[in-house]
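What follows is a single structure, written as structure tokens, with notes after it.
The values are calculated or read from the model by the stated rules, or taken from the named source; none is laboratory data. Predicted model, so just to flag it, every value in this text is computed and none were measured. With ideal geometry, Cβ positions are generated from the backbone for all residues, glycine too; neighbour counts draw on all protein chains shown.
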Amino acid sequence: MVNAKETYQEAVDAGHTAFYMEEDELMGDTFTMKVGNIPPAEMAVIKLQYFCQLQVRNETKEFGECALAVFALPSVLNPRYTPSSLASESNRQFGHPNAITFTTVTVPYKFSFSANLTAQCPIVSVTSAKDIFELNYQGENRKTAKLTLQSEFKFDHDLEMDIILADPTKLTITYEQCDSNEKGGILGFDCLTVNFLPVFKEDTDTRNEVIFLIDRSGSMSGKNIMQAKESLLLFLKSLPTDCRFQIVGFGTTFSALFNEPQDYTEESMKMALEYQKNMNADMGGTEVLGALESIYAKEITGAGWHRKIIFLTDGDITNQTQVISLVRRNAKTTRMFAIGLGDGASTSLVTGVARAGGGKSAFVRNDERLQPVVLHILQLALQPFASEVELTWSITGGAGGNALPVVTIPDQLPNLYSGSYATVIGLIANPKKLKLAGRVTLNYKVNGQTYTNSADVSEAGLPRQDESGQSNLVFHRQAAKIQILELSDRHASLVKTNREEKEAEHIQKKIVTLSTSTNVISRFTAFVGVDPEKLGEFRPFKPE
């Protein structure tokens with residue numbers, strides 16, 4: 001990254017048009033782009049490819065059970081709190097962070113948005129709490145549609161929409177062929193993406209110890225703390241009576257309601273409801289690290305009990321890597337579930353802690369979605385554990401052909417939850433471009449009962465192509481991003497001993513190779529482009 005910065009600056013100083021992009025090394029949802037030396041009266045067009053998995057869950061409507069898919073394009077960037085532990089630059093490998101500045105300008109920025117929707121079942125509707133969209137179907141089966149933003153967009157909220165699909169969620173499998181010009185790396189493999197949808201019995205006597213970790217920092221004031229209070233009330237009223245629970249609030253300091261998690265009793269619930277009633281965003285800064293360390297430092301209150309943390313926050317902190325690292329180191333004993341509150345909630349922190357802690361995440365950007373999101377996260381958190389999880393690829397080159405080796409991403413399979421997708425990707429070396437055949441099977445046990453999910457390669461769908469007939473290898477790049485995140489979490493969780501320093505260097509090299517070979521940004525890479533032609537006598541403007 002240092003070399004990329006120097007290359008960019010030298011090019012600009014020499015009179016070349018240049019481009020630079022980097023991701024903040026501590027905040028994965030914050031990146032910077034620069035374009036230097038744009039000639040007078042010229043237009044610069046920046047094309048940024050953005051790929052994300054939609055949050056999907058089943059809901060019951062008046063016409064029956066259906067699927068709700070939520071798309072959000074983060075448009076709000078709130079100020080980020082920097083804990084005292086990050087006061088120096090020693091925590092940053094690449095020096096000072098990019099300053100996030102907030103200024104008022106009079107330039108009349110305009111924003112237009114359109115989308116092409118493709119689904120495996122009819123699209124029922126698209127709605128939004130704050131924006132107005134026009135939906136035009138592209139075929140009689142209503143499986144494809146063109147979506148256009150009709151209302152004027154104001155940059156005071158995240159662009160978000162609810163997409164209602166006629167059928168409930170089901171297992172999906174997608175096949176994307178390799179880039180024939182690539183001889184190695186992820187893009188040189190065929191890619192099978194399987195979204196398993198486990199379903200198992202949830203009515204068990206699992207012993208759950210639930211810790212509610214509530215952000216009460218100053219940034220939560222106003223709407224966010226009201227959502228946190230309402231969420232906590234819903235959680236408390238929905239807890240099973242055979243659980244134990246605790247509430248920890250944090251800001252500059254932290255405090256717990258009880259000395260240790262308590263059984264669900266009339267007295268403990270009375271104290272919890274009193275806490276919820278009086279809870280405010282009055283605890284100062286956002287020092288979540290100490291609060292988490294205090295939770296992990298305590299033993300689980302009994303043998304056979306399972307600890308789950310439900311984290312409510314706006315995520316406005318800079319030390320995200322430290323927090324995610326701590327969660328990952330404790331994932332074997334404690335699962336983490338997270339809800340991001342309000343517009344501008346940090347997507348990298350909320351999804352990152354849930355990923356590292358083997359749980360799930362969700363976002364509440366408007367009051368209408370609060371209750372279903374809260375109840376969905378609690379339902380997932382209270383589920384029994386799936387064990388003896390085993391994934392088997394039985395892929396051949398053509399019917400009756402030889403078995404082909406498959407590389408699985410991620411290396412560590414995700415925890416399984418009933419009714420929630422678990423994404424697994426298989427990379428297959430297929431230089432002869434044989435037609436793939438076979439099955440991929442997921443076996444697991446829950447409370448002694450064996451379950452099986454499987455997908456047939458012959459049923460694999462093809463990725464949507466753009467106007468030029470290209471898929472842009474989006475599923476390959478999704479595989480790269482999943483692996484980059486997994487490696488980044490592992491890198492951050494290493495304690496800096498001599499042996500682990502070497503391992504960290506090895507992991508960082510793997511991340512850099514993955515990033516540069518697939519054009520997927522990472523915390524250790526930056527992208528730079530330089531126009532080889534100079535701009536003549538053009539002199540860059542430098543403010544005094």
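Matching residues to (1) touching a Leu at 6+ places or on another chain (Cβ under 8 Å); (2) in the same structural domain as residue 369 (by TED's automatic domain parsing); (3) over 30 Å from residue 286 (Cβ atoms):
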| site | (1), (2), (3) |
| --- | --- |
| 162 | yes, no, no |
| 166 | no, no, yes |
| 178 | yes, no, yes |
| 184 | no, no, yes |
| 190 | yes, no, yes |
| 216 | no, yes, no |
| 234 | yes, yes, no |
| 245 | yes, yes, no |
Unique residue being under 14 Å from the mean Cα position of the chain (by Cα) and more than 23 Å from residue 163 (Cβ to Cβ) when the list is 290, 352: 352
Taking residue 390 and the conditions (1) surrounded by 14 or more Cβ atoms within 10 Å (Cβ to Cβ); (2) assigned to a strand (DSSP E or B), which numbered condition does it fall short on, given that it satisfies the others? (1)
If a residue must be within 23 Å of the chain's Cα centre (by Cα) and under 30 Å from residue 168 (Cα atoms), how many such residues does region 17-75 contain? 20
When region 1-31 is examined, which residues are found to be outside any loop (DSSP other than H, G, I, E, B), in contact with a Phe, Trp or Tyr (Cβ under 8 Å, 6 or more places away or on another chain) and not small (Gly, Ala, Ser)? 2, 5, 8, 19, 20, 21, 22, 23
Only one of (1) among the charged types (D, E, K, R); (2) modelled with pLDDT of 95 or more; (3) assigned to a loop (DSSP other than H, G, I, E, B) fails for residue 154. Which number is that? (2)
Given the options 135, 187, 147, 197, name the one that is in contact with an Asp or Glu (Cβ under 6 Å, 6 or more places away or on another chain) and among the hydrophobic types (A, V, I, L, M, F, W, C). 187
Can you tell me which residue is surrounded by the fewest Cβ atoms within 10 Å (Cβ to Cβ) among those in region 141-173 that are of a type outside the set (A, V, I, L, M, F, W, C) and touching a Cys at 6+ places or on another chain (Cβ under 8 Å)? 167
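Would you point out which residue out of 458, 454 is of a type in the set (Gly, Ala, Ser), more than 28 Å from residue 115 (Cα to Cα) and in a strand (DSSP E or B)?
Working: 458 fails: in a strand (DSSP E or B).
When all the criteria are applied, what remains is 454.
Yes/no per residue for (1) aliphatic (A, V, I, L, M); (2) surrounded by 20 or more Cβ atoms within 10 Å (Cβ to Cβ):
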| site | (1), (2) |
| --- | --- |
| 270 | no, no |
| 290 | no, no |
| 293 | no, no |
| 320 | no, yes |
| 323 | yes, yes |
| 335 | no, yes |
| 344 | no, yes |
| 353 | yes, yes |
| 357 | no, yes |
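Restricting attention to region 42-86, report how many residues are assigned to a strand (DSSP E or B) and touching a residue at least 12 places away in the same chain (Cβ under 8 Å).
If we filter region 42-86 for residues that are assigned to a strand (DSSP E or B), which is where we start, we get 55-61, 64-73, 81.
Filter again for touching a residue at least 12 places away in the same chain (Cβ under 8 Å), leaving 55-59, 61, 65-73, 81.
So the count comes out to 16.
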Any idea which of (1) loosely packed, with under 10 Cβ neighbours inside 10 Å; (2) modelled with pLDDT of 85 or more is the one residue 48 doesn't satisfy? (2)
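Applying the selection to region 240-266, what residues are touching a residue at least 60 places away in the same chain (Cβ under 8 Å) and either among the hydrophobic types (A, V, I, L, M, F, W, C) or crowded, with 21+ Cβ neighbours inside 10 Å (or both)? So that I can check it myself, show each step before the final result.
Filtering region 240-266 for residues touching a residue at least 60 places away in the same chain (Cβ under 8 Å) gives 240, 243-244.
Within region 240-266, 243, 244 qualify.
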